[in-house]
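The structure under discussion appears below in the form of structure tokens.
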Amino acid sequence: MTVVIDEGVLDDPERLEAADPGAMLRVVAGSGAQIREASTLSLEAGVDKLDGSAPSRTCVLTGIGSSAAAVGLIRAVVGDDAPVPLVTHPGGRFPRWVGPLDTVFAVSRSGTAVETLEAVEDAGRRGCGLVVVARPGSPLEDLTHRFRGLFVPADKTPRHTRSSLWQLAVPILMAADRLGVASVPGEILAMTADILDRVAETCRPSSESFVNPAKGLALALAGDLPVVWGSGDVGAFAAERFVRQLSANAKYPGVQARLRDVAHGGIALLDGPFARRTEDDLFRDRVDDAASPMKLRLVLLRDDAEPEDDRQRRAAAAELADARGVPVHEVAAEGLHPLERLGSLVGLTDYVSVYLALAVGIDPTPTRAVLELKERVRQ
């Protein structure tokens with residue numbers, strides 16, 4: 001496989017700006033600001049007035065496509081600590097047991113996703129509590145008001161849903177906190193925003209590759225096949241998010257798994273044809289990459305609050321990879337609260353996906369194949 005890599009573009013401000021006409025780097029840099037804006041919009045919408053005195057029997061989280069990332073984030077942050085069951089649903093008609101004692105959280109950046117519209121209408125007819133995040137003025141806003149649910153507008157910035165993770169997730173986190181389903185107070189949101197700001201400063205375009213962790217990892221991955229394994233709920237979500245962003249931003253393949261599942265099959269990749277490296281592979285010059293076959297490169301996303309068995313798996317997986325000549329990169333989360341730690345991992349890997357796109361000559365903003373597929377399906 002031939003992958004043409006241009007390392008120089010990442011450290012040339014003018015070329016970097018020209019290669020990113022949609023300003024995806026600037027969007028990623030604004031992740032902390034997204035949290036602050038979403039917090040303000042949520043308060044203006046009345047999230048703080050939700051009644052948490054009568055917890056729901058069950059909370060159902062629904063979203064589809066890129067909007068579903070917000071649902072995954074919430075599951076990763078809350079984990080097993082929720083006082084009531086958290087159930088994810090792709091949309092459409094709910095199971096028969098969903099009813100007035102349950103609360104439905106729905107997310108759709110566009111506010112036009114058919115599956116989410118059907119889910120909200122079904123929930124409204126059944127008398128469920130409703131908290132909805134979507135584009136203001138969308139059909140989903142009209143439907144939410146019709147059933148007297150709480151509607152929180154997503155911002156009006158015209159950016160891709162995949163770049164709006166925090167804008168979509170924060171209102172649901174705030175509502176869940178108010179309803180007693182999760183513990184995500186305002187100070188945690190503020191600290192997570194600060195962490196994302198620090199990541200943006202460290203990974204800024206003007207920071208050169210040899211000191212910029214996002215640029216460095218992007219260049220290491222270029223020409224290889226990233227295998228991303230995450231520890232704990234936080235690491236697992238960050239791994240899934242990273243591979244999705246690699247696909248959408250860099251149009252680049254990757255493999256991801258939850259670390260606890262790797263021992264049941266995924267680790268076998270290390271014995272396959274993509275893992276074998278010769279001494280020439282390990283000390284090759286970048287200029288020879290065009291003629292080199294793609295090989296595995298392992299990325300371990302570490303959550304310091306990981307379970308002990310995950311810690312053991314991570315250490316063992318790194319040793320096995322190293323013994324087979326597979327390069328290993330370990331990225332550690334930062335922060336005490338799960339949301340902070342998740343933010344530190346997602347913030348960095350979002351940057352990596354954009355820098356990798358630019359290094360291999362890809363405009364990270366458009367996703368033409370996605371649009372073409374949707375159009376073909378509609379026809």
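The values are calculated or read from the model by the stated rules, or taken from the named source; none is laboratory data. Computed from a predicted structure; not experimentally measured. Neighbour counts run over all protein chains shown; Cβ positions are idealised from the backbone, glycine included.
Brief remarks on what is shown
- Taking the criterion of being buried (at least 19 other Cβ atoms within 10 Å of the Cβ) and either modelled with pLDDT under 95 or not small (Gly, Ala, Ser) (or both), the residues of the range 148-158 that qualify are LEU150, PHE151, VAL152, PRO153, ALA154.
- Selected residue [surrounded by fewer than 24 Cβ atoms within 10 Å (Cβ to Cβ), more than 30 Å from THR202 (Cα to Cα), assigned by TED's automatic domain parsing to the domain that holds LEU143 and at pLDDT below 95] from VAL84, VAL60: VAL84
- Residue list for the range 119-130, restricted to those being without any contact (Cβ under 8 Å) to a residue 60 or more places away in the chain and part of a strand (DSSP E or B): LEU130
- The residues of the range 150-181 that are more than 18 Å from the chain's Cα centre (by Cα) and assigned to a helix (DSSP H, G or I), listed by number, are MET174, ALA175, ALA176, ASP177, ARG178.
- The range 359-378 residues that are in the same structural domain as ALA222 (by TED's automatic domain parsing), paired with ones that are surrounded by fewer than 15 Cβ atoms within 10 Å (Cβ to Cβ) and in a helix (DSSP H, G or I) (beta carbon under 8 Å, 6 or more apart): ALA359/GLU7
- Of the criteria (1) out of contact with any strand residue (DSSP E or B) (no Cβ under 8 Å at 6 or more places or on another chain); (2) surrounded by 14 or more Cβ atoms within 10 Å (Cβ to Cβ); (3) of a type in the set (A, V, I, L, M); (4) over 21 Å from ALA182 (Cα atoms), which one VAL77 fails: (4)
- Search result, residues across the range 54-78 that are outside any loop (DSSP other than H, G, I, E, B), among the small types (Gly, Ala, Ser) and free of Cβ contacts under 8 Å to residues at least 60 places away in the same chain: ALA68
- Taken together, the residues in the range 18-56 that are modelled with pLDDT under 95 and of a type in the set (D, E, K, R) amount to 3.
- Hey, ASP289 assigned to a helix (DSSP H, G or I), within 25 Å of ARG311 (Cα to Cα) and modelled with pLDDT under 95 or not: no
- Exactly one residue among GLY149, GLY92, GLY137 is small (Gly, Ala, Ser) and either touching a His at 6+ places or on another chain (Cβ under 6 Å) or within 19 Å of LEU173 (Cα to Cα) (or both), and that residue is GLY149.
- Which listed residue is closer than 23 Å to SER42 by Cβ and of a type outside the set (Val, Ile, Thr), from PRO83, PRO90, PRO100, PRO95: PRO83
- Failed condition for ALA106, given (1) modelled with pLDDT of 95 or more; (2) outside any strand (DSSP E or B): (2)
- Number of the condition not met by ASP51 [criteria: (1) surrounded by fewer than 21 Cβ atoms within 10 Å (Cβ to Cβ); (2) part of a helix (DSSP H, G or I)]: (2)
- Test for ALA182: is it modelled with pLDDT under 95, crowded, with 23+ Cβ neighbours inside 10 Å, over 18 Å from SER31 (Cα atoms) and not polar (S, T, N, Q): yes
- Only listed residue being touching a Lys or Arg at 6+ places or on another chain (Cβ under 9 Å) and either touching a residue at least 24 places away in the same chain (Cβ under 8 Å) or not in a loop (DSSP other than H, G, I, E, B) (or both), chosen from THR116, THR88, THR144: THR88
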